[in-house]
Amino acid sequence: MSLISEERINRAESLPGFAGVEDYWALLKPRVMSLVVFTALVGIVRAPGDIHPVIGFVALLCIAVGAGAAGALNMWWDADIDARMDRTRTRPIPAGRVEPGEAMVFGLLLSGASVLMLGLLVGVLAGALLAFTIFFYAVIYSMWLKRATPQNIVIGGAAGALPPVIGWAAVTGTVALEPLLLFALIFIWTPPHFWALALLKKRDYERAGIPMLPNVAGDDETRKQILLYSLVLAPFGVAPFVLGMTGWLYGAVSLVLGVLFLVFAWQVYRKREGDAAERASKHLFAFSVLYLFLLFAVLLGEGMVR
Amino acid sequence: MNAMADDKGVVLTEEQKKSRKRRSLAIALVLTFLVILFYVVTIVKLGPGAMRKTELPAVTVIA
C-alpha cells in the first residue's frame with residue numbers, strides 16, 4: 001500500500017463524524033433525562049383529569065427528547081470546559097468522536113421536533129414550557145450563567161425543576177399550586193445537591209475556570225450555604241402534605257427524609273478537614289439523589305392509587 | 001498512483017463502515033417508530049372514524 005493510501009486511512013480514522021449510535025445517545029445525557037422523565041411522570045399522574053395513555057406517552061417522550069436536546073446543546077457549548085475536566089473529558093465532543101457542529105445541529109433539530117410535537121399533539125402550554133426549559137438550560141444557564149457567576153446552578157436549577165410543571169400542563173392545559181410546589185422543591189434541592197459535588201470536584205472546576213461557589217467564596221461559605229438551603233428545603237419537602245395535597249405516607253416520608261437531609265448537611269458543615277470532610281460531602285451528594293427520588297416515588301405512588 | 005488514490009476519495013476502514021451502518025439502522029428504526037406513533041396518535045385524537053369517508057353537505061345553488 002502506498003504512503004498516500006495509508007495517510008488517507010489514518011485521516012479517515014481520525015475524522016470526526018464517525019461516531020457510533022451510543023455517542024449520540026450520550027449527547028442526550030441519559031442519566032439527567034431519566035430524572036426528568038421521572039419527575040415529569042409525577043406531574044402527569046398527579047394532575048387532575050384524564051389523559052389518554054398514548055398522549056401521555058407522547059408527552060413523556062417529548063419532554064425526554066427535549067431534555068436530551070438541551071443536554072446536547074450544553075455539550076456543544078461546553079466542549080472546551082469538558083475537555084479540561086476529568087469527569088467530562090471522555091464525552092463524545094472532547095474525545096473527538098462527534099464534531100461540535102454536529103452536536104449543535106442534533107440538539108437544535110431535536111429541540112424543534114420535541115417542542116412542535118408536544119405543542120401540536122398534546123398542548124400548547126406544555127410545548128411552550130418545554131421550549132422555555134430548553135432555552136433556559138442551553139442559553140441562560142450554559143451560555144451565560146455557568147461561566148459568569150457562582151449562583152449559576154441556583155438560577156439554572158429552574159430548568160431542571162420545570163418537568164413536573166410541563167407534565168401537569170400536558171394533562172390540564174394549565175398550571176396550579178401543586179406543580180409549582182414541586183418546581184420549588186427541585187429548585188431549592190439543586191444548590192445543596194450540586195455544591196456537595198462542587199466541594200468534591202473543586203480542582204476540576206478550577207482547571208476549567210468555572211466559578212463554582214467553593215472556588216469563588218471558599219469551602220466554608222459553601223458549607224454554610226448548603227446548610228441554609230437545607231434548612232429551607234426540609235420544610236418545603238413537607239409543604240405538599242401540610243397544604244393537604246398529599247396523604248399521610250408522603251407526610252411521614254418527607255418529614256423523615258427532611259430530617260436526614262439536615263443531618264447530612266450538618267455533617268458537611270461541621271467536618272471541614274481531610275477524609276472526613278470528603279466523606280461528608282459524598283454522603284450528602286448521594287443522599288440528595290435518594291431524597292428527591294423517594295419523595296417523587298411516594299408522590300407517584302399516591303397519585304396512582306387515589 | 002497518487003492520482004488514483006485521490007480519485008478514490010476518503011477510504012473508510014471496516015470499523016467506520018460498520019459504524020455508519022449502525023447509525024443508518026438507528027435512523028431507520030427511529031423513523032419507523034415515528035410513522036407508527038403518528039398513525040396511532042391520529043387514530044387516538046380523531047377516533048376510528050378518521051379513516052371513514054364523510055358525505056359532503058348538500059350545497060344549495062342560488063340562481
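The values are calculated or read from the model by the stated rules, or taken from the named source; none is laboratory data. As the structure is a prediction and not an experimental result, all values here were calculated from the model. Glycine gets a Cβ as well: all are built from the backbone with ideal geometry, and neighbour counts include every protein chain shown.
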- Task: Answer with yes or no whether A:Trp189 is of a type outside the set (Lys, Arg), assigned by TED's automatic domain parsing to the domain that holds A:Leu73 and within 24 Å of A:Val36 (Cβ to Cβ).
- Result: no
- Item | Residue ID - surrounded by the fewest Cβ atoms within 10 Å (Cβ to Cβ), chosen from residues in the stretch A:280-292 that are closer than 13 Å to A:Thr190 by Cα and in contact (Cβ under 8 Å) with a residue 60 or more places away in the chain | A:Val289
- Residue set A:Ile210, A:Ile226; condition surrounded by 18 or more Cβ atoms within 10 Å (Cβ to Cβ), on the phi < 0 side of the Ramachandran plot and in contact (Cβ under 8 Å) with a residue 60 or more places away in the chain; output residue A:Ile210
- Query: What are the residue pairs meeting all of these: first residue in the stretch B:14-27, first residue over 12 Å from A:Ala19 (Cα atoms), second residue modelled with pLDDT of 85 or more, Cβ atoms under 6 Å, and 6 or more apart or on different chains?
  - Reply: B:Ala26/A:Val21
- Item | Qualifying position, being among the charged types (D, E, K, R), free of Cβ contacts under 8 Å to residues at least 24 places away in the same chain, more than 18 Å from A:Ser114 (Cβ to Cβ) and away from every other protein chain (no Cβ under 14 Å), among A:Arg31, A:Arg46 | A:Arg31
- Query: If you go through the stretch A:69-84 one residue at a time, do you hit one that is at pLDDT below 95, outside any helix (DSSP H, G or I) and in contact with a Pro (Cβ under 7 Å, 6 or more places away or on another chain)?
  - Reply: no
- Task: Return the residue satisfying two criteria in turn: it lies in the stretch A:15-51 and is charged (D, E, K, R) and part of a helix (DSSP H, G or I), and of such residues it is nearest to A:Phe183 (Cα to Cα).
- Result: A:Arg46
